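Below you'll find the structure, written out as structure tokens, and then a few comments.
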Amino acid sequence: MHPRHWAVVIGVIAVGVTSCWVAMPGRVGATSVPLATLDLPDLDGDGKAERLHVDPDPNGNGHAMVRLDATRGKFTHEVMGMKAGATLAVTGARPRWHLAEADGKAGADIRLIERDGQEPELVVVADGQGKRYRYVEKGFMKLDAGTVIPGYSVGMVVVGDDAQAMGVLGDKAVTTGAWTPAAPPNARFELKAGPDGNVLSIVYDSQALVATNGVRPGVDEQTLAKHFPGRRDGDRWISARYGMRAVLDARGRAFVLELARPWKDVPGDALLNP
């Protein structure tokens with residue numbers, strides 16, 4: 001990929017997830033006995049196991065916070081909130097667990113993406129939300145199920161993911177064709193695979209998926225041009241630099257968006273993935 005393209009991707013990622021690299025020191029707000037705890041494998045590469053726990057809201061309003069205790073730096077990360085009563089039971093076994101009350105009203109799925117030679121990645125899904133924790137160099141990169149990082153990811157799916165990861169993140173282990181993510185609810189993706197068999201591009205139309213710059217399906221051509229500079233080709237908007245394409249309706253609104261790593265836009269209307 002051309003260095004200019006990578007600079008764009010890195011810049012967008014930095015804007016979109018900078019706050020996610022800042023861990024919260026100590027067990028913030030954890031003043032009572034956890035509703036549930038779960039021992040995890042080493043996620044951050046320091047040879048020590050991590051721990052997940054669900055802490056009740058101190059105000060007792062039926063909500064709780066899923067937290068991750070990371071051993072590298074001894075930080076506690078607030079993963080996400082969830083509905084929960086007085087107790088939660090843990091069922092399942094590595095690499096998938098479920099947290100639920102006896103009546104089944106509250107629940108969270110805890111999953112691991114495991115690959116040979118790499119630290120496992122943590123996936124948490126609860127109440128229509130989803131988070132993916134991937135340790136990169138000096139901290140956890142946290143991907144939110146409702147956030148699109150242009151040129152990099154749609155929700156919890158990263159361009160380059162393999163079929164095994166897709167089986168953890170959604171309804172089936174595929175990298176091409178129709179696919180449904182574990183979150184957000186009712187979202188639908190159309191996946192395309194590259195020569196290596198991994199995800200090359202992600203097509204989506206759910207308004208629940210919002211890019212880091214605010215763009216979502218349904219925006220007009222002027223908004224696309226402002227946030228994803230490029231050109232129009234028939235009923236399509238092409239922003240090769242940002243790795244985004246859109247199909248426009250008769251009113252010039254983007255009803256379908258497609259993300260891939262930044263393309264190379266060349267004469268003859270060819271789009272390549274350098």
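Details
- Some residue of segment 176-186 being buried (at least 19 other Cβ atoms within 10 Å of the Cβ), more than 29 Å from ASP39 (Cβ to Cβ) and touching an Asp or Glu at 6+ places or on another chain (Cβ under 9 Å): yes
- For segment 202-210, the criterion of being without any contact (Cβ under 8 Å) to a residue 40 or more places away in the chain, farther than 26 Å from VAL90 by Cα and assigned to a loop (DSSP other than H, G, I, E, B) is met by at least one residue.
- Per the conditions (1) loosely packed, with under 12 Cβ neighbours inside 10 Å; (2) more than 20 Å from LYS138 (Cβ to Cβ); (3) at pLDDT 80 or above, the sole criterion not satisfied by LEU88 is (1).
- Evaluated against (1) at pLDDT 95 or above; (2) assigned to a strand (DSSP E or B), TRP237 falls short on exactly one condition, (1).
- Condition met for LEU43 (part of a loop (DSSP other than H, G, I, E, B) and either closer than 18 Å to ARG134 by Cβ or in contact with a helix residue (DSSP H, G or I) (Cβ under 7 Å, 6 or more places away or on another chain) (or both)): yes
- Checked against (1) in a loop (DSSP other than H, G, I, E, B); (2) under 24 Å from the mean Cα position of the chain (by Cα), GLY60 meets all criteria but (2).
- In segment 65-83, the residues that are among the small types (Gly, Ala, Ser) and either open to solvent by 10 Å² or more (accessible area, probe 1.4 Å) or touching a Cys at 6+ places or on another chain (Cβ under 7 Å) (or both): GLY73, GLY81
Every residue, every condition in (1) in contact with a helix residue (DSSP H, G or I) (Cβ under 6 Å, 6 or more places away or on another chain); (2) under 29 Å from ASN198 (Cα atoms); (3) of a type in the set (A, V, I, L, M), yes or no:
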residue: PRO58; (1), (2), (3): no, no, no
residue: ARG67; (1), (2), (3): no, no, no
residue: PRO95; (1), (2), (3): no, yes, no
residue: GLY117; (1), (2), (3): no, yes, no
residue: PRO120; (1), (2), (3): no, yes, no
residue: VAL124; (1), (2), (3): no, yes, yes
residue: TYR133; (1), (2), (3): no, yes, no
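- Residue check for VAL125: without any contact (Cβ under 8 Å) to a residue 60 or more places away in the chain, touching a strand residue (DSSP E or B) at 6+ places or on another chain (Cβ under 6 Å) and closer than 22 Å to ASP44 by Cβ: yes
- Hey, GLY128 at positive phi and out of contact with any helix residue (DSSP H, G or I) (no Cβ under 6 Å at 6 or more places or on another chain) or not: yes
- Which numbered condition THR212 misses (of (1) within 16 Å of the chain's Cα centre (by Cα); (2) open to solvent by less than 30 Å² (accessible area, probe 1.4 Å)): (2)
- Test: MET166 is modelled with pLDDT of 95 or more, crowded, with 21+ Cβ neighbours inside 10 Å and in contact with a helix residue (DSSP H, G or I) (Cβ under 6 Å, 6 or more places away or on another chain): no
The values are calculated or read from the model by the stated rules, or taken from the named source; none is laboratory data. None of the values given here were measured: they were computed from a predicted structure. No Cβ is skipped: glycine too gets one built from the backbone with ideal geometry, and neighbour counts run over all protein chains shown. These area figures cover heavy atoms from the full protein model, side chains too; ligands, DNA and RNA do not enter into them. Shrake-Rupley method; radii C 1.70, N 1.55, O 1.52, S 1.80 Å.
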